[in-house]
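Working notes for the structure below.
Coordinate-derived values only; no laboratory data. Note that this is a predicted model, so its numbers are computed, not measured. Every residue, glycine among them, receives a Cβ derived from its backbone with ideal geometry; neighbour counts consider all protein chains shown.
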Amino acid sequence: MEVYSAPFDVRLPRGDETSDDEIKTVVQPDITVICDKTKLDDKGCKGSPDLVVEIVSPASLKTDVKTKQALYERFGIREYWIVYPAEKSVVVYRLQPSGKYELSDAYAQDELIQVGIFGDLAIDLKEVFTE
């Protein structure tokens, strides 16, 4: 497992885009978790990461909640977290067998998040949202 923070390019090729020059969809998530090391190269990640975390700001709200969520779903990213730092909360979406995201849960600052892609890993939000 590797964890990368921005700026870190994630290139999301469609089936017909084989070379890097052809890939039109490139994003820089705030936090990216990649379990398959073959997706890593000197330009970042080529292919869908396993987990993406976006930290919302007033300027990025619409992009993170609407645009990127639809994009990540379309490219099959298994887990998508949206962090709301002002509210000290996290919303977690998990990809279902149907290929659609389902709201897994919303977590407050005093809760543990069970990481879906790692059944034995939990993150204590008290340690994330310290004063």
Per-region count, the range 81-111, residues under 18 Å from the mean Cα position of the chain (by Cα), of a type outside the set (V, I, T) and not in a loop (DSSP other than H, G, I, E, B): 13
All positions within the range 109-125 that are surrounded by fewer than 14 Cβ atoms within 10 Å (Cβ to Cβ) and among the charged types (D, E, K, R): D110, D120, D124
Filtered residue count, the range 31-55, keeping only those that are free of Cβ contacts under 8 Å to residues at least 40 places away in the same chain, under 21 Å from G116 (Cα atoms) and assigned to a loop (DSSP other than H, G, I, E, B): 4
Members of the range 93-108 that are more than 15 Å from L51 (Cα to Cα) and surrounded by 15 or more Cβ atoms within 10 Å (Cβ to Cβ): Y107
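Can you tell me how many residues in the range 7-19 are surrounded by 13 or more Cβ atoms within 10 Å (Cβ to Cβ) and either basic (K, R) or part of a loop (DSSP other than H, G, I, E, B) (or both)?
6
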Pairs where the first residue, in the range 68-81, is touching a residue at least 40 places away in the same chain (Cβ under 8 Å) and more than 20 Å from Q114 (Cα to Cα) and the second is hydrophobic (A, V, I, L, M, F, W, C) and in a loop (DSSP other than H, G, I, E, B), C-beta under 6 Å, 6+ apart: F75/L12
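Tell me whether the range 63-73 contains one or more residues that are aromatic (F, W, Y) and surrounded by fewer than 18 Cβ atoms within 10 Å (Cβ to Cβ).
First, pick out the residues of the range 63-73 that are aromatic (F, W, Y): 72.
Subsequent filtering for residues that are surrounded by fewer than 18 Cβ atoms within 10 Å (Cβ to Cβ) retains none.
No; the residues of the range 63-73 include none that is aromatic (F, W, Y) and surrounded by fewer than 18 Cβ atoms within 10 Å (Cβ to Cβ).
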